[in-house]
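Asks: Dropping the structure in here first, questions after.
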Amino acid sequence: MTGPSPSSPPVARLVELSREEALGLLAGVPMGRVGFTHQALPVIRSVNHLVTDTGDVVIRTHAGAALLTSATASEVVVYEADHIDGDTHTGWSVMVTGVASRVTDPTTLSRYHAELTPWVSRDMEYVVRIDAELVTGYRLERSRPGITDRCRRTTG
């Protein structure tokens, strides 16, 4: 009989998500990673976030943070979060790409300070918003056996 051995990892297929589904998944997790350029090199930082009604990603940061340089210069950054099950090889991954900018409006700043509590014990007085210009997401789903696989299992 041909087919996967009992120790073979499960096979998954990659399914593209709609913008709405991707943003919904992103909004459902508290943490992700922001990628940006610092001194001409790529940098990735783990941060907690919130997702606005328009899909923008909001994070808080501190004075002297390398991300503030990108946000002050209105550079393009990427934000990524995922949830992957290592046993079943299923889950999802979402990336939001867009311009990062500092939030300076006092009312908006106050609202984000109230809604987004930093996870680190540090003064995180700055707020950065990433405009959701490009949203991509993929789900890893268990593959359903195809006709070929069923024939292999039944014909030996």
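Asks: Take the conditions exposed (fewer than 13 other Cβ atoms within 10 Å of the Cβ), closer than 17 Å to residue 131 by Cα and touching a residue at least 12 places away in the same chain (Cβ under 8 Å) and apply them to residue 69. Does it pass?
Replies: So residue 69 fails the test.
Asks: Which one of 50, 41, 14, 23 is at pLDDT 95 or above and over 17 Å from residue 127 (Cα atoms)?
Replies: Unique residue meeting the criteria: 23.
Asks: Taking region 54-96 on its own, how many of its residues are part of a strand (DSSP E or B) and among the hydroxyl-bearing types (Ser, Thr, Tyr)? Step through it out loud before you land on a result.
Replies: Keep residues of region 54-96 that are part of a strand (DSSP E or B), which gives 57-61, 76-85, 90-96.
If we keep only those that are among the hydroxyl-bearing types (Ser, Thr, Tyr) too, we end up with 61, 79, 90, 93.
Selection size over region 54-96: 4.
Asks: Can you name the residue in region 31-45 that is of a type in the set (A, V, I, L, M) and part of a strand (DSSP E or B) and is also least open to solvent (accessible area, probe 1.4 Å) among such residues?
Replies: 34
Asks: While we're on this one: Which residue pairs have Cβ atoms closer than 6 Å, lie 6 or more positions apart in sequence or on different chains, and pair a first residue in region 23-44 that is closer than 19 Å to residue 58 by Cβ with a second residue that is open to solvent by 60 Å² or more (accessible area, probe 1.4 Å) and of a type outside the set (Lys, Arg)?
Replies: Once the first residue is closer than 19 Å to residue 58 by Cβ and sits in region 23-44, its partners that are open to solvent by 60 Å² or more (accessible area, probe 1.4 Å) and of a type outside the set (Lys, Arg) give 33/44; 33/46; 35/44.
Asks: Can you tell which of 78, 94 is of a type in the set (A, V, I, L, M, F, W, C), touching a Leu at 6+ places or on another chain (Cβ under 6 Å) and under 14 Å from residue 55 (Cα atoms)?
Replies: After ruling out the rest, the residue left standing is 94.
Asks: Going through 80, 20 one at a time, which residue ends up being closer than 16 Å to residue 138 by Cβ, of a type in the set (D, E, K, R) and open to solvent by 80 Å² or more (accessible area, probe 1.4 Å)?
Replies: 20 is the lone residue from the list that is closer than 16 Å to residue 138 by Cβ, of a type in the set (D, E, K, R) and open to solvent by 80 Å² or more (accessible area, probe 1.4 Å).
Asks: Within region 116-151, can you find the residues that are modelled with pLDDT of 95 or more, among the acidic types (Asp, Glu) and open to solvent by 70 Å² or more (accessible area, probe 1.4 Å)?
Replies: 133
Asks: OK, next. Here are the criteria: (1) basic (Lys, Arg); (2) more than 18 Å from residue 117 (Cα to Cα); (3) surrounded by 13 or more Cβ atoms within 10 Å (Cβ to Cβ). Tell me which single one residue 13 does not satisfy.
Replies: Checking residue 13 against (1) basic (Lys, Arg); (2) more than 18 Å from residue 117 (Cα to Cα); (3) surrounded by 13 or more Cβ atoms within 10 Å (Cβ to Cβ), the one that fails is (3).
The values are calculated or read from the model by the stated rules, or taken from the named source; none is laboratory data. This one's a predicted model, so the numbers in the text were calculated from it and none came from an experiment. Glycine gets a Cβ as well: all are built from the backbone with ideal geometry, and neighbour counts include every protein chain shown. Keep in mind that these areas ignore ligands, DNA and RNA; they rest on the heavy atoms of the full protein, side chains included. Shrake-Rupley method; radii C 1.70, N 1.55, O 1.52, S 1.80 Å.
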